[in-house]
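The values are calculated or read from the model by the stated rules, or taken from the named source; none is laboratory data. Values in this document were obtained by computation on a predicted structure and should not be read as measured data. Cβ sites come from the backbone with ideal geometry, for glycine too, and all protein chains shown count toward neighbours. For the accessible areas, the whole protein counts, side chains as well, though only heavy atoms, and no ligand, DNA or RNA atoms are used. Shrake-Rupley method; radii C 1.70, N 1.55, O 1.52, S 1.80 Å.
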Amino acid sequence: MIAVLQLLVGGIVGVLVGLTGTGGAFVIPALIYFFRMDQLWAQGTALLISSLPIWVIPFIPYFRTRNFDLRLAFLLAVGIGVGGYFGASWAQHLPMPVMRRLLGVVLIVIGARFVFQL
């Protein structure tokens with residue numbers, strides 16, 4: 001039964017990923033609230049999911065319509081890899097309430113910007 005819930009949540013997150021082009025904003029809260037993971041486990045699990053080639057599947061419609069920038073994606077990926085390593089190392093030493101507030105503030109700021117800059 002738990003596997004059905006996990007597949008269902010994964011499917012819902014997958015639809016949101018395909019619609020919005022982002023994963024962590026949906027995966028991490030789903031892992032925290034549906035599967036009761038603490039923040040570091042949720043982030044680590046989300047990063048593990050991101051390392052799998054599954055993100056190629058929702059990319060296919062974007063590829064078919066040529067809605068991407070290959071050069072920018074490559075350069076950002078390199079920066080994300082390097083910066084992400086240092087950020088993840090730092091996260092291992094921050095208190096959980098700081099981690100939770102940091103994620104919440106980032107999501108609120110980004111969300112507010114999207115909502116109010118139509």
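Using the Cβ-Cβ distance between VAL78 and THR22 with R0 = 22 Å, the FRET efficiency computed as 1/(1 + (r/R0)^6) comes to roughly 0.70.
The slack in the chain from GLN92 to ASP38, taken as 0.36 nm per residue of separation less the alpha-carbon distance, amounts to 18.2 nm.
Given (i) 15.5, 44; (ii) 13.4, 38; (iii) 15.6, 50 as candidate values of Rg and Dmax of the Cα atoms in Å, which corresponds to the one derived from the coordinates? Computing Rg and Dmax of the Cα atoms in Å and matching it to (i) 15.5, 44; (ii) 13.4, 38; (iii) 15.6, 50 gives (i).
Applying the criteria of a DSSP loop state and at most 12 other Cβ atoms within 10 Å to the trypsin sites (Lys or Arg not before Pro) of region 15-118 yields ARG36, ARG66. With each label modelled as a point 7 angstrom along the Cα→C-beta vector, the THR45-ILE110 pair spans 1.9 nm.
Could you work out [θ]222 nm for the chain from helices alone, using -39500 (n - 2.57) per DSSP H run of at least four and dividing by all its residues? Round to the nearest 500 deg cm²/dmol.
Working: 6 runs with 96 residues, N = 118.
For the chain, the value works out to -27000 deg cm²/dmol.
Note on ILE12 and PHE63: the extension gain reaches 16.2 nm, defined as 0.36 nm multiplied by sequence separation minus the Cα-Cα distance. Using label points projected 7 Å from each Cα along Cα→Cβ, tell me how many nm separate LEU70 and ALA3, to one decimal. So the two model labels end up 4.0 nm from each other.
In percent, rounded to a whole number, the relative contact order of the chain is 21, using alpha-carbon pairs under 8 Å and six or more apart.
The share of accessible area on the chain that comes from carbon and sulfur is 76 percent, using a 1.4 angstrom probe.
Accessible surface calculations at 1.4 Å, restricted to protein heavy atoms, place the chain at 78 Å² per residue.
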